[in-house]
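A.B. asks: Attaching a single structure in structure tokens format; questions to follow.
The values are calculated or read from the model by the stated rules, or taken from the named source; none is laboratory data. What you see is a predicted model, and the numbers here were worked out from it, not measured in a lab. Because the Cβ atoms are built from the backbone with ideal geometry, glycine has one as well, and the counts that use them run over all protein chains shown. Please note that ligands, DNA and RNA were not included when accessible areas were found on the heavy atoms of the full protein model with its side chains. Shrake-Rupley method; radii C 1.70, N 1.55, O 1.52, S 1.80 Å.
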Amino acid sequence: MPIKVLDPKVVSRIAAGEVVERPASVVKELVENSLDAGASQISIEVRGGGISLIRVTDNGAGIPPGEVGLAFDRYATSKISSLEDLESILSLGFRGEALPSIAAVAQVDMITCAPGEKVGAYLSLIGGTIVGRGSLGRARGTAVTVRNLFRQVPARLKFLKSMATENGHIANVVSQYALAFPEVKFSLSIDGRVALRTPGSGRLIDSIVEVYGAEVAGYMIEIGGEAKASSPQVAGMVGSPKVNRSGRGQLSFFVNRRWVNSRLLARAVEDAYHGFLMSRKHPVAVINIWLPAQEVDVNIHPTKSEVKFRNEHLVFTTVHRAVRQALVEKMPVPRIEEVAVAYESPSRQAFPLPTQVRPASPAPWAPEVPTSPLPVLRVLGQLDNSYIIAEGPDGLYLIDQHAAHERVLFDNIEHQRLRREIEIQGLLEPMTLEVSPRQGEVLRSHYDDLAEFGFSIEPFGDRTFLVRAVPALVYRKDWVGMLRELLDSLAEGAKSDWVEGIARSIACHGAVRAGQALTDTEMRELVRQLEQSATPRTCPHGRPTMIHLSSGQLKKEFGRT
Ligand code: ADP
Ligand code: MG
């Protein structure tokens with residue numbers, strides 16, 4: 001094909017793809033526009049996962065009638081006008097790309113009324129072309145309605161996940177901005193249900209109550225309270241180590257009030273929790289960072305969700321220090337149970353061989369082929385309250401009691417589920433479970449999967465659920481924490497991921513822990529059950545359950561041949 005310049009329609013479709021990745025991107029851009037317009041109330045209405053309808057209504061500054069059409073031109077913005085302005089951006093938008101990008105891939109209606117205007121103006125566009133305009137009475141502010149998103153872009157439509165997943169992303173975007181702007185009243189309705197509503201009181205804790213629930217809010221600690229002239233300034237709230245999560249989804253960072261993803265900041269916070277949290281657990285944190293606009297470059301990505309700091313080291317240490325200081329000052333001396341040890345790969349555990357006989361690589365206890373069956377083993381004893389020492393016809397076995405029990409339970413659960421024989425424990429009183437808007441969306445679409453395993457859960461208010469029964473295996477365990485972990489880690493999962501994920505999670509929470517003394521009978525019973533497993537050598541997460549030292553390897557270690 002000869003080289004030629006692309007048709008403007010093609011160009012705009014390509015460019016739109018960078019800004020509008022999924023329905024939640026539309027919500028993000030529209031909410032940012034409302035915030036830039038100084039709105040104190042923003043309501044978001046979504047239907048059909050955001051594909052059928054997204055409507056964002058605000059009471060902000062509006063657009064003068066003469067400029068409404070211009071707002072949909074590419075690179076048309078009221079927020080910067082020169083190259084120098086790019087150095088000192090404090091608004092959320094500035095690239096003038098959002099409205100034209102959205103209009104290129106959907107059907108858009110805007111109604112807006114600026115102060116001083118007697119009537120408002122409206123504009124309708126389909127696929128970026130204006131198909132209607134006029135004037136209309138309206139209170140001050142702007143309403144943008146987006147319909148049939150991606151209908152003309154089948155390729156993009158195909159890549160979208162389930163409606164629950166898209167709703168989850170949307171709920172997350174609105175939650176983040178509700179945390180960043182506690183003085184703004186947000187309301188999010190998804191398919192007619194109120195998914196989130198904040199009071200707009202200006203107090204961060206009030207937004208946290210709505211997004212994470214009153215229980216989490218009760219454990220939040222303020223950071224960086226004192227007003228200092230120094231820069232960067234850090235303020236916000238972090239969770240006491242009592243509230244922790246298995247994913248990083250509850251770390252929010254705002255730089256000059258812009259919601260950003262930043263590995264640098266995530267590491268600064270997680271490092272600050274060192275010694276306060278078990279490994280593989282992550283804190284809850286809402287952190288605002290203020291610094292002069294020249295100190296941060298926000299123009300490195302079309303979605304504006306990544307930033308570059310001029311002085312990364314300074315930002316890192318300031319955030320780290322603020323979080324660490326708050327934890328040290330406000331927390332009692334931490335007592336960490338080393339439960340995490342059960343999750344470490346046994347090959348990295350301190351194996352009590354004197355250093356001088358520690359062999360050179362390859363290590364003789366490298367994990368074995370996971371599927372080979374297990375011979376009959378004789379239990380010799382327990383090591384460190386964590387490992388079972390056993391002898392087989394072919395040498396020594398060191399079995400990780402937690403991982404082994406996980407494997408046994410996982411196999412049983414799968415077996416029972418298929419025969420609908422899962423043992424269920426009803427709760428004496430139904431228990432209420434409060435979840436974040438995103439978790440709520442995910443939970444709603446997985447009642448059935450959870451019910452297959454014995455969780456009886458029903459809606460009870462907007463973001464509260466009633467739990468009436470749980471699998472007997474986790475009745476006395478932290479099944480609330482387990483449910484939250486599942487909702488976070490499987491948010492995007494398909495049905496099969498859920499079935500396996502729930503089984504894995506029940507097995508993990510139901511299994512004996514490291515550090516727990518076992519009687520001889522218990523150990524024998526566990527080993528006997530492990531012998532029955534088709535895959536005894538790995539836990540359901542794929543980690544080894546045992547280390548095997550064959551008689552031959554032992555002889556070699558002792559220098560005999
Ligand atoms: P940007 O936000 O980068 O300027 P957009 O395409 O998102 O680009 O919006 C273009 C312009 O339309 C904005 O600069 C602003 O002047 C106007 N605008 C968009 N949404 C609103 C709104 N909700 N209220 C007032 N003005 C708006
Ligand atoms: Mg914008």
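A.B. asks: Quick one: which residue in 271, 297 is over 25 Å from residue 209 (Cα atoms), touching a residue at least 12 places away in the same chain (Cβ under 8 Å) and in contact with a Lys or Arg (Cβ under 6 Å, 6 or more places away or on another chain)? I'd like the intermediate steps shown before the answer.
C.D. replies: On the way: 271 fails: in contact with a Lys or Arg (Cβ under 6 Å, 6 or more places away or on another chain).
Result: 297 is the single residue among 271, 297 that is over 25 Å from residue 209 (Cα atoms), touching a residue at least 12 places away in the same chain (Cβ under 8 Å) and in contact with a Lys or Arg (Cβ under 6 Å, 6 or more places away or on another chain).
A.B. asks: Only strands (runs of 3 or more DSSP E) wholly contained in the stretch 60-170 count here; list those with 2 or more residues that are hydrophobic (A, V, I, L, M, F, W, C) and more than 16 Å from ligand 2 (Cβ to nearest atom).
C.D. replies: 107-113, 120-126, 129-136
A.B. asks: Scan the stretch 19-39 residue by residue and report those that are open to solvent by 10 Å² or more (accessible area, probe 1.4 Å) and away from ligand 1 (no atom under 13 Å from the Cβ).
C.D. replies: 21, 22, listed by residue number.
A.B. asks: Exactly one condition in (1) buried (at least 18 other Cβ atoms within 10 Å of the Cβ); (2) free of Cβ contacts under 8 Å to residues at least 60 places away in the same chain; (3) not in a helix (DSSP H, G or I) is not met by residue 259; state its number.
C.D. replies: (2)
A.B. asks: Of all residues in the stretch 242-255 being part of a loop (DSSP other than H, G, I, E, B) and either without any contact (Cβ under 8 Å) to a residue 24 or more places away in the chain or open to solvent by 20 Å² or more (accessible area, probe 1.4 Å) (or both), which is nearest to residue 182 (Cα to Cα)? Walk me through how you get there before you give the answer.
C.D. replies: Initially, the stretch 242-255 is screened for residues part of a loop (DSSP other than H, G, I, E, B), giving 242-243, 246-250.
Checking which are either without any contact (Cβ under 8 Å) to a residue 24 or more places away in the chain or open to solvent by 20 Å² or more (accessible area, probe 1.4 Å) (or both) leaves us with 242, 246-249.
Details: 242: 24, 246: 26, 247: 24, 248: 22, 249: 20 Å.
Among those residues, the one meeting the criterion is 249.
A.B. asks: For the stretch 119-161, enumerate the residues that are in contact with a Lys or Arg (Cβ under 9 Å, 6 or more places away or on another chain) and either among the acidic types (Asp, Glu) or at positive phi (or both).
C.D. replies: 127, 128, 150
A.B. asks: Given the conditions (1) over 15 Å from residue 108 (Cβ atoms); (2) part of a helix (DSSP H, G or I), which single one is not true for residue 42?
C.D. replies: Failed condition: (2).
A.B. asks: Tally time: how many residues in the stretch 72-107 are within 19 Å of residue 18 (Cβ to Cβ), within 8 Å of ligand 1 (Cβ to nearest atom) and of a type in the set (Gly, Ala, Ser)?
C.D. replies: Number satisfying all stated conditions: 5.
A.B. asks: Look at residue 43 and say whether it is of a type in the set (Ser, Thr, Tyr), open to solvent by 40 Å² or more (accessible area, probe 1.4 Å), away from ligand 2 (no atom under 16 Å from the Cβ) and in contact with a strand residue (DSSP E or B) (Cβ under 6 Å, 6 or more places away or on another chain).
C.D. replies: Details: of a type in the set (Ser, Thr, Tyr): yes; open to solvent by 40 Å² or more (accessible area, probe 1.4 Å): yes; away from ligand 2 (no atom under 16 Å from the Cβ): yes; in contact with a strand residue (DSSP E or B) (Cβ under 6 Å, 6 or more places away or on another chain): yes.
Here the answer is yes, as residue 43 does meet what is asked.
A.B. asks: Residue 17 is checked against (1) at pLDDT below 85; (2) within 16 Å of ligand 2 (Cβ to nearest atom); (3) among the small types (Gly, Ala, Ser) and fails just one. What number does that condition carry?
C.D. replies: (2)
A.B. asks: While we're here: Any residue that is part of a strand (DSSP E or B) and touching a residue at least 40 places away in the same chain (Cβ under 8 Å) - is there at least one of those in the stretch 411-424?
C.D. replies: First, pick out the residues of the stretch 411-424 that are part of a strand (DSSP E or B): 424.
Those left that are additionally touching a residue at least 40 places away in the same chain (Cβ under 8 Å): 424.
Yes, the stretch 411-424 has at least one match.
A.B. asks: For the stretch 46-68, enumerate the residues that are touching a residue at least 24 places away in the same chain (Cβ under 8 Å) and out of contact with any strand residue (DSSP E or B) (no Cβ under 6 Å at 6 or more places or on another chain). Show your work before the answer.
C.D. replies: Applying the first criterion (touching a residue at least 24 places away in the same chain (Cβ under 8 Å)) to the stretch 46-68 yields 46-65, 68.
Once the filter is applied, which keeps residues that are touching a residue at least 24 places away in the same chain (Cβ under 8 Å) and out of contact with any strand residue (DSSP E or B) (no Cβ under 6 Å at 6 or more places or on another chain), the stretch 46-68 yields 48, 49, 50, 51, 52, 61, 64.
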